[in-house]
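This report refers to the structure that appears directly beneath it.
Rule-based calculations on the coordinates, nothing more; no lab input. Just so it is clear, the structure is predicted and the values come from calculations on it, not from any experiment. Positions of Cβ are backbone-derived with ideal geometry, glycine not excepted, and every protein chain shown enters the neighbour counts.
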Amino acid sequence: MITRKRLAAASCGLLAALAVALFPAAAAAGEPVAKASPKVELVLDVSGSMRARDIDGQTRMAAAKQAFNEVLDAVPKEVQLGIRTLGADYAGDDKKLGCKDTRPLYPVGPLDRTEAKTAVATLAPTGWTPIGPALLGAAKDLEGGDATRRIVLITDGEDTCAPLDPCVVARDIAAKGIHLVVDTLGLVPDAKTRDQLRCIAEATGGTYTSVQHTDELSGRVSQLVDRAAAPVVTPVATEGGQQCTGAPQLEPGLYTDREKFGEHRWYRVDVLPGQELRASVSVGADRAVNNDYGVMLRAVTVHGREIVRGAEAGDGRTDMISAGLRYPKAPLDDADEAKAAAETVCLQVSNSFSAPASVKTAPGLPVELTIDVVDASDDAADVASFGLGRGWWLLAVLVLTGLVAGLLWGWISRWRVAVWRTN
């Protein structure tokens, strides 16, 4: 089924092919040169504060484990992935020991999904929050080679190991010129945590994301891992239409646009039977905005019937907010495959941002739209059955229930009349 977890997780989805040649680096001129596998290390906070129960009714640690399981299932095969923890082992009060509490949980390399999931399952919220030492350790884990390298830091609090400032550590990493990007995700962050994580990300050219729900976490981490696997993509500027008719036709890729406050913009994508559309949108609040805002991404038919939607809301943070969706189109029988026609899916991007009167609303807010069309996965039938429902199934059930109830009541009434007449 399409739940928020799959939606956002899926969210996201630009999986460009990474060309890996089979020839050695010393290949003769004109021959393809082998590319090194990208490296990603997930750095997870396992400090005592991860016991807080404020993410979808479960603890932050439980939400992180659930998200990690989904992320590990979706890691591209070419990615060398590792997991490092911070605050996972030492529960005492000695700061000197607590600030050394970071270690590799799963070494960077080819991924054994079962082994990695088993390692994550053993974690329990324990100690301090040594973000600076963890970043230094992760940078060492990723040393060597010229592959794409990325650290994804997931934490629910600011560093507790001053004077080692993790923002300074990030600047030092960037100054080495090793092209190591650090992306940060804050679980239900307060203002200080948000500022620190944003500083770490900006120092290395990475991104910062606030996370309130499990699906946001799994979706964003999957997106960052996929981004490491994909070659650098130059976004294509586009301009969405005011309605589906006449909207730009998009191929798989990365697109940028600008959207006014409270505006709706439309785009069109073709999907063949047996394919799955994966789309995600991110809207950046690049200026002061009012509290309470949101973004919605809807897929509808050319006739206006909703297929599926993804939506997310924020409450006062001025960073990026994202939503995503998946739409698998059921395959046809072999006999019909040759004459199958693509279905045009209309994508609507909407936002509910507003701003104080003193804030300029032009140009519009920056929009990043990712489109991918892939072969439908094994669970496509489940996704489609729920996605096509979204209210249509409910309406159909209500209509059918009313019809059956009406027929039954009519039969009972006629039976009672017949009994009355015979008496």
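Of the trypsin sites (Lys or Arg not before Pro) in the stretch 272-331, which ones lie in a loop per DSSP and count no more than 15 other C-beta atoms within 10 Å? All intermediate terms of the calculation are to be shown ahead of the outcome.
Values: sites: R278, R287, R298, R305, R309, R317, R326, K329; in loops: R287, R305, R317, K329.
Those that pass, being in a loop and sparsely packed, are R287, R305.
What share of all Cα pairs of the stretch 28-137, in percent, falls into each consecutive 10 Å distance bin?
P(r) over the stretch 28-137, rounded to whole percents: 14, 39, 30, 10, 5, 2, 0.
Mind jotting down the distance between the C-alpha centroids of the stretch 84-105 and the stretch 239-287, whole Å?
Measuring centre to centre over Cα atoms gives 44 Å.
Beta carbons within 10 angstrom, averaged per residue: use that to sort the peptides 252-265, 122-135, highest first.
Details: 252-265: 17.4, 122-135: 22.6.
Ranked by mean Cβ neighbours within 10 Å, highest first: 122-135, 252-265.
Could you work out Rg/(2.2 N^0.38 Å) for the stretch 279-333, with Rg from alpha carbons only? Each step should come with its number before you reach the end.
Numbers: Rg = 14.7 Å, N = 55, 2.2 N^0.38 = 10.1 Å.
Compared with the compact-globule rule of thumb, the stretch 279-333 sits at 1.46.
Among I321, V345, N291, which residue has its Cα furthest toward the positive end of the charge dipole of the stretch 236-387, with +1 on Lys/Arg Cβ and -1 on Asp/Glu Cβ?
Positive-end residue among those listed: N291.
Gain in length, W409 to K77, computed as 0.36 nm per residue apart minus the alpha-carbon separation, to one decimal in nm?
Extending this stretch completely gives an extra 113.6 nm.
With the crude spin-label approximation of a point 7 Å out along Cα→Cβ, what separation in nm comes out for T118 versus N69?
1.6 nm
What nm value, rounded to one decimal, do you get for the distance between V374 and K95 when each label is placed 7 Å out toward the C-beta?
Distance between label points: 4.6 nm.
Rounded to whole Hz and in sequence order, give me ³J(HN,Hα) for the stretch 193-207 from the Karplus expression 6.51 cos²θ - 1.76 cosθ + 1.60, θ = phi - 60°, writing x for Gly and Pro.
So the J values, rounded to whole Hz, are 4, 4, 5, 5, 5, 5, 5, 4, 5, 5, 5, 10, x, x, 10.
Run the numbers for R287 and D333: contour at 0.36 nm per residue of separation, minus the present Cα-Cα distance, in nm.
11.4 nm
Considering only the other residues whose Cβ falls under 15 Å of the Cβ of L180, what net charge follows from Lys and Arg at +1 and Asp and Glu at -1?
Numbers: positive: K39, R84, K140, R149, R150, R171, K176, R227; negative: E41, D141, E143, D146, D172, D183, E202.
Local charge sum for L180: +1.
Can you pull the one-decimal nm distance between simple spin-label points at D195 and K260, each 7 Å off the Cα toward Cβ?
The modelled label-to-label distance comes out at 3.6 nm.
Could you give the length gained on full extension between A52 and S358, defined as 0.36 nm per residue of separation minus the Cα-Cα distance, in nm?
Working: separation 306, 0.36 × 306 = 110.16 nm, distance 3.82 nm.
Contour length minus Cα-Cα distance gives 106.3 nm.
In Å and from the alpha-carbon atoms only, list the Rg and Dmax of the stretch 236-387.
Computed over the Cα atoms of the stretch 236-387, radius of gyration and Dmax are 16.6, 62 Å.
Please give the net charge around T85, taking every other residue with its beta carbon less than 13 angstrom from that of T85, where Lys and Arg add +1 and Asp and Glu add -1.
Numbers: positive: K65, R84, K100, R103; negative: E41, D45, D89, D101, D141.
Charge balance near T85 sits at -1.
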